[in-house]
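Enquirer: Handing you this structure, nothing more for now.
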Amino acid sequence: MPINIQKISCGLLQENCYIVQAEGRDDCVVVDPGDEYSKLMAAIGERHVGAILLTHGHFDHIMAAGPLAADYDAPVYVGASDVEMLGDAEKSGYAGMMGNPRADWPPIDAAPYGDAVSACGMDFTVLPTPGHSKGSVCLYLEGEGVLFSGDTLFRAGYGRLDLYGGNMHSMIGSLKKLFTLPQGVKVYPGHGDATTIGEERARYRL
Ligand SMILES: [Zn+2]
C-alpha cells in the first residue's frame, strides 16, 4: 500500500518528526513529535491523528506528544523500558542538555508497545533495539519497506551510548538485527537524512 511520509524537523536539536499516512486515508500516525507543537499542527492540517508512536523517551522526540494526544484523544506508545523517561527531566536528557526543566513540562500518558501497532490503515512491527536507551524501538512497515529508526541508526552513524540507559553491547546487537532486514528498506532516522539498510550495513563489520 502506498504511504506518504512527511518529515518535520523540530526544535534546537532538529529532531525528525514523521507524519505517516496511508494513501486514501484522512488520518495519520505521528512518529516522534518533538518540540514545536504549532509547527506540527500546521503540518498535520485537517487530518486526524490516530496514534503517536515514540521511538524512545528522549525529550527532543516527545515534547509535543502530550498536547497532540490530548487534542486528538490519540494513544501514545513507547518501549516499556522507556516509560520511566517520559516524565523525568533527568532520564529524558532534558536537564543535562537544556538546564532547568520547563515549567510547562508536558505530562505524557503512554502505553508500552506490544509486538505491533495497527493504526490508520498501517501495520507497524515493533522491533526492540536497545542501546541508545533501554527501551528504544524501530518501527517497521514491512509491506512498504520502511523503517523508522529513531536514534538507533542514522545515515553514517548510530545513537549516543553515553546517555541514561545507553549500552554499547546492546547497540551492537540491535544494529546486527537491523542489518538482517532487506537491503532496500528505506530508513527514516530521528536526526538527519534518510538512508537504506544496505547503505548502512556496508559501513560496518558486524
Ligand atoms: Zn535520543
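The values are calculated or read from the model by the stated rules, or taken from the named source; none is laboratory data. Predicted model, so just to flag it, every value in this text is computed and none were measured. As a convention, Cβ positions derive from the backbone with ideal geometry for all residues, glycine included, and neighbour counts pool all protein chains shown.
Enquirer: Would you be able to tell me the number of residues in the stretch 116-128 that are farther than 11 Å from residue 140 by Cβ and without any contact (Cβ under 8 Å) to a residue 60 or more places away in the chain?
Expert: Adding up the residues that qualify gives 2.
Enquirer: Would you call residue 16 surrounded by fewer than 18 Cβ atoms within 10 Å (Cβ to Cβ) and at pLDDT 95 or above?
Expert: no
Enquirer: Residues of the stretch 35-57 being in contact (Cβ under 8 Å) with a residue 40 or more places away in the chain and out of contact with any helix residue (DSSP H, G or I) (no Cβ under 7 Å at 6 or more places or on another chain), which ones?
Expert: Those that are in contact (Cβ under 8 Å) with a residue 40 or more places away in the chain and out of contact with any helix residue (DSSP H, G or I) (no Cβ under 7 Å at 6 or more places or on another chain): 50, 51, 53.
Enquirer: Working only within the stretch 179-193, note down all residues that are over 23 Å from residue 33 (Cα atoms) and either of a type in the set (S, T, N, Q) or within 16 Å of the ligand (Cβ to nearest atom) (or both).
Expert: Correct list: 180, 183.
Enquirer: Still on this model: Scan the stretch 179-206 residue by residue and report those that are part of a loop (DSSP other than H, G, I, E, B) and more than 17 Å from the chain's Cα centre (by Cα).
Expert: Of everything in the stretch 179-206, those that are part of a loop (DSSP other than H, G, I, E, B) and more than 17 Å from the chain's Cα centre (by Cα) turn out to be 179, 180, 181, 182, 183, 184, 202, 203, 204, 205, 206.
Enquirer: Here is a follow-up. When you go through (1) surrounded by fewer than 18 Cβ atoms within 10 Å (Cβ to Cβ); (2) more than 15 Å from the ligand (Cβ to nearest atom) one by one for residue 196, which number turns out not to apply?
Expert: Unmet condition: (1).
Enquirer: Could I ask something else about it? Applying the selection to the stretch 155-173, what residues are part of a loop (DSSP other than H, G, I, E, B) and away from the ligand (no atom under 15 Å from the Cβ)?
Expert: Selection gives 155, 156.
Enquirer: Filter the stretch 45-65 for residues that are over 21 Å from residue 138 (Cα atoms) and not in a loop (DSSP other than H, G, I, E, B) and give the result.
Expert: The one that is over 21 Å from residue 138 (Cα atoms) and not in a loop (DSSP other than H, G, I, E, B): 48.
Enquirer: So, restricting to strands (runs of 3 or more DSSP E) that lie completely within the stretch 70-154, which ones have at least 2 residues that are at pLDDT 95 or above, surrounded by 15 or more Cβ atoms within 10 Å (Cβ to Cβ) and within 16 Å of the ligand (Cβ to nearest atom)?
Expert: 137-141, 146-150
Enquirer: Within the set of pairs 6 or more residues apart or between chains, which connect a residue that is over 23 Å from residue 54 (Cβ atoms) inside the stretch 167-195 to a residue that is part of a helix (DSSP H, G or I) and β-branched (Val, Ile, Thr) with Cβ atoms less than 6 Å apart?
Expert: 183/197
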